[in-house]
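Written below as structure tokens is the structure these notes are about.
Just so it is clear, none of the values below were taken in a lab; they were calculated from the coordinates. If you're wondering where the values come from, they're calculated on a predicted model, not measured in any experiment. Neighbour counts are summed over all protein chains in view; Cβ atoms, including those assigned to glycine, are modelled from backbone coordinates with ideal geometry.
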Amino acid sequence: MKTPMLAALILLGSTQAHALQTVDYGWEDGVGTLLGSYGNLADPVNVTGAQLGSNGVDPYGVAGAHGGDRFLHVAEDPIGGTPQAYVAFITGLQAGDEISASFWGYDDTAGSNPSLRIWGHYAVSGDVNSYEGSAGGNTTYTDGSGWSQVGNTWTFAPSSAGADALVVEARLYSGSGGRTDFWIDDLQVIAPDHATVQFAAAPVPEPESYALMLAGLGLLGGVVRRRTGR
Ligand SMILES: [Ca+2]
Ligand SMILES: [Ca+2]
């Protein structure tokens, strides 16, 4: 693309509302867990079927996923602070961008812990473990009715000039007992088209390694033969 046209497009983009992308992740790849964590977060595991854990005092379990077959398990162990599970990483953001995210958390204790909330912090693209200040969140907890949804919308306004990313956190609130288990499913992010949304999904092969894999399976035999014939 010629430079003048690119400049014109950038100018146009900065003065118009951005088109949005909606991206869902429900842990259905059977592999993904988290992108990172903070605090006493233990045992992130991609699970399926009925799960039995503890609410810190009594046995505490879930019958299965909220959607599909797979979901995420995390625990707080030992109890202390507020662990954060980094469930989504939105990069390439610009000041004023609006980002919405939601997930379903399992909670059968209405009005008391264990419970979950959705929160966020600013970061730098390329490093999900960077921290450029809190972005706030939604003070509403999972409602204790079983699977319930929490969500929030952020307007991208970091105080740090270098921040161009948002990390979406699932925050864990345990009781005063021992190790407490939590389950999460059906994450959704709505972000501007110019941003990139990442979850802890199974890695997608790069085009080159994918071609090598196909060659290994003999599916690109024609190409291989032609090369060896030179
Ligand atoms: Ca699922
Ligand atoms: Ca609760």
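For the stretch 111-136, a residue qualifies if it is at positive phi and part of a strand (DSSP E or B), and exactly one does: 136.
Select from the stretch 57-81 the residues that are part of a loop (DSSP other than H, G, I, E, B) and more than 16 Å from ligand 1 (Cβ to nearest atom) and list them in ascending order.
57, 58, 77, 78, 79, 80, 81
Among all positions in the stretch 110-117, there is no residue which is under 17 Å from residue 198 (Cβ atoms) and more than 16 Å from ligand 1 (Cβ to nearest atom).
The rows are residues; the columns are (1) free of Cβ contacts under 8 Å to residues at least 40 places away in the same chain; (2) within 16 Å of ligand 1 (Cβ to nearest atom); (3) among the charged types (D, E, K, R).
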site: 161; (1), (2), (3): yes, no, no
site: 168; (1), (2), (3): no, no, no
site: 171; (1), (2), (3): no, no, yes
site: 174; (1), (2), (3): no, no, no
site: 183; (1), (2), (3): no, yes, no
site: 188; (1), (2), (3): no, yes, no
site: 191; (1), (2), (3): no, no, no
site: 198; (1), (2), (3): no, no, no
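Restricting attention to the stretch 65-104, the residues being out of contact with any Phe, Trp or Tyr (no Cβ under 7 Å at 6 or more places or on another chain) and within 19 Å of residue 144 (Cβ to Cβ) number 3. Only one of the listed residues (64, 126, 92) is more than 12 Å from residue 184 (Cβ to Cβ) and over 17 Å from the mean Cα position of the chain (by Cα). That residue is 64.
Return yes when residue 171 is within 16 Å of ligand 2 (Cβ to nearest atom), basic (Lys, Arg) and touching a Ser or Thr at 6+ places or on another chain (Cβ under 6 Å) and no when it is not. Talk me through it step by step, then tell me what you get.
Values: within 16 Å of ligand 2 (Cβ to nearest atom): yes; basic (Lys, Arg): yes; touching a Ser or Thr at 6+ places or on another chain (Cβ under 6 Å): yes.
In short, yes.
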